[in-house]
Amino acid sequence: MEINTYQTRAELLLRSYILSDSFIVCSSVIGGVFACKLVYDLSQIFSSIYFKRYAGFSKSQQVEWNNRSISTVHAIFITAMSLCLAFWSDLFSDDQLSGLVIMRSSTLSTSVLGVSVGYFLTDLAMILWFYPSLGGMEYLVHHLLSLVALSYAMLTVEAQFYVYMVLLSEATTPGINLRWYLDVAGLKKSKAYLINGFMMVFVWLVARILVFIYVFYHFYVHYDQLMKVSSFGIFLVCVVPLVLAVMNLVWFWKIVKGLKKTLAKRN
């Protein structure tokens with residue numbers, strides 16, 4: 001009789017944990033989608049009031065302007081949270097003895113991933129709806145890979161550290177969007193546009209090249225832990241960063257070429 005009571009309690013606790021965990025995941029994803037809608041609407045309102053050129057944009061330019069507002073806000077949010085969770089907190093520290101680094105998570109880390117999943121779902125839907133004005137095939141590949149990796153880490157809580165390290169690459173997004181804003185605002189020949197070019201090269205080098213090198217080094221050092229996740233998890237952890245790293249190198253070369261062209265025109 002006593003054994004049955006303990007089993008019943010254990011089952012209730014497990015069910016309660018699963019339900020609460022599902023609530024966190026669902027609410028954070030839905031919250032991310034609604035946050036994107038809120039930013040889009042606010043961008044539309046404030047841009048039409050405080051930026052005179054906005055009214056003269058074509059419909060597609062206005063959509064892209066507001067879409068880039070969403071990606072900028074998400075980039076600032078996810079970069080700050082990635083730095084906080086990956087470096088400033090003790091959650092993924094090697095000094096901690098609370099389990100394997102690759103298996104660690106918290107309510108906060110899972111919730112933040114959910115918000116990011118909400119953003120990528122929204123952005124992917126917009127890219128498909130307005131295709132190809134908001135981005136071509138490379139954007140679709142990038143978003144689909146990101147969504148699969150984020151969803152896996154959110155639902156299984158495996159490899160969240162590596163996901164946050166890769167998400168640091170979003171630090172380049174505000175600079176990219178600012179460059180587009182300056183371009184459509186007719187400020188392509190301004191000093192701000194030139195400074196933005198140099199800053200983009202530097203931030204891209206750090207966030208999308210050097211950080212990825214560190215990620216691959218971390219793979220090597222923690223290889224024994226990596227082998228303890230599922231086969232699909234190993235595939236995601238190894239393949240997604242590798243594909244993104246190659247894409248980052250290609251884009252970096254294009255950015256450098258663009259900066260060279262800008263400097264050549266000025267001379």
Full-stretch length increase - MET137, SER190 - with 0.36 nm per residue and alpha-carbon distance subtracted:
16.0 nm
Averaged over all viewing directions, the convex hull of the alpha carbons in the range 222-267 casts a projected area in nm² of 4.0 nm²
Let a ≥ b ≥ c be the square roots of the eigenvalues of the Cα gyration tensor of the range 117-228; is it rounded (a/c under 1.5), or, if not, prolate (a/b larger than b/c) or oblate?
oblate
Give me the percent of accessible area attributable to carbon and sulfur for the chain, probe 1.4 angstrom.
71 percent
What ranking, highest mean first, results for peptides 184-191, 119-126 when packing means the other Cβ atoms within 10 Å averaged over each residue?
119-126, 184-191
If I histogram all Cα-Cα distances within the range 174-267 using bins 10 Å wide from 0, what percent of pairs lands in each bin?
14, 36, 23, 16, 9, 2
With semi-axes √(5λ) of the Cα gyration tensor in Å defined as stated, name the option among [x] 38, 24, 15; [y] 26, 22, 19; [z] 31, 21, 18 computed from the structure displayed.
[x]
Might you tell me the accessible area per residue for the chain, computed with a 1.4 Å probe and given in Å²?
56 Å²
Would you pull out the residues with amide H under 5 Å of GLY135's amide H, same chain only if 5 or more places away, H placed 1.01 Å from N?
none
Gain in length, ARG53 to TYR214, computed as 0.36 nm per residue apart minus the alpha-carbon separation, to one decimal in nm?
53.7 nm
Quick one: putting +1 on the C-beta of Lys and Arg, -1 on the C-beta of Asp and Glu, what dipole do you get for the range 19-128 around its Cα centre, in Debye to the nearest 20?
620 debye
Starting with the highest mean, order 200-213, 164-177, 245-258 by the number of other Cβ atoms within 10 Å, averaged over the residues of each peptide.
164-177, 200-213, 245-258
Find which of LEU85, LEU140, VAL239 sits farthest along the positive direction of the dipole of the chain, computed with +1 on the beta-carbon of Lys and Arg, -1 on that of Asp and Glu, about the Cα centre.
LEU140
Among LYS188/LYS265; LYS52/LYS254; LYS52/LYS265; LYS37/LYS188, the pairs whose Cα-Cα distance exceeds 21 Å are LYS52/LYS254; LYS52/LYS265; LYS37/LYS188
In nm, the gap between the two label points placed 7 Å beyond Cα toward Cβ at SER231 and MET199 is 4.8 nm
If I model a spin label as a point 7 Å beyond the Cα along the Cα-Cβ vector, how far apart are those points for TYR223 and ALA80 in nm?
4.0 nm
Dipole magnitude of the range 121-267, debye to nearest 20 (Cβ charges: Lys/Arg +1, Asp/Glu -1, about Cα centre):
1040 debye
Using a 10 Å cut-off on Cβ atoms, rank the peptides 222-233, 105-116 from the highest mean neighbour count down.
105-116, 222-233
Charge dipole (debye, nearest 20) of the chain; +1 at Cβ of Lys and Arg, -1 at Cβ of Asp and Glu:
1760 debye
At 25 °C and 0.890 mPa s, what whole-number value in µm²/s does Stokes-Einstein give for the translational diffusion of the range 64-125, with Rh from the Kirkwood sum over Cα pairs?
188 µm²/s
Mean separation of Cα contacts under 8 Å, 6 or more apart, over the residue count of the chain: relative contact order %
21 percent
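The values are calculated or read from the model by the stated rules, or taken from the named source; none is laboratory data. Remember, it's a predicted structure, so these values are computed and weren't measured experimentally. Don't worry about glycine lacking a Cβ; one is built from the backbone with ideal geometry, like all the others, and counts go over all protein chains shown. Surface areas here come from the heavy atoms of the whole protein model, side chains and all, with no ligands, DNA or RNA. Shrake-Rupley method; radii C 1.70, N 1.55, O 1.52, S 1.80 Å.
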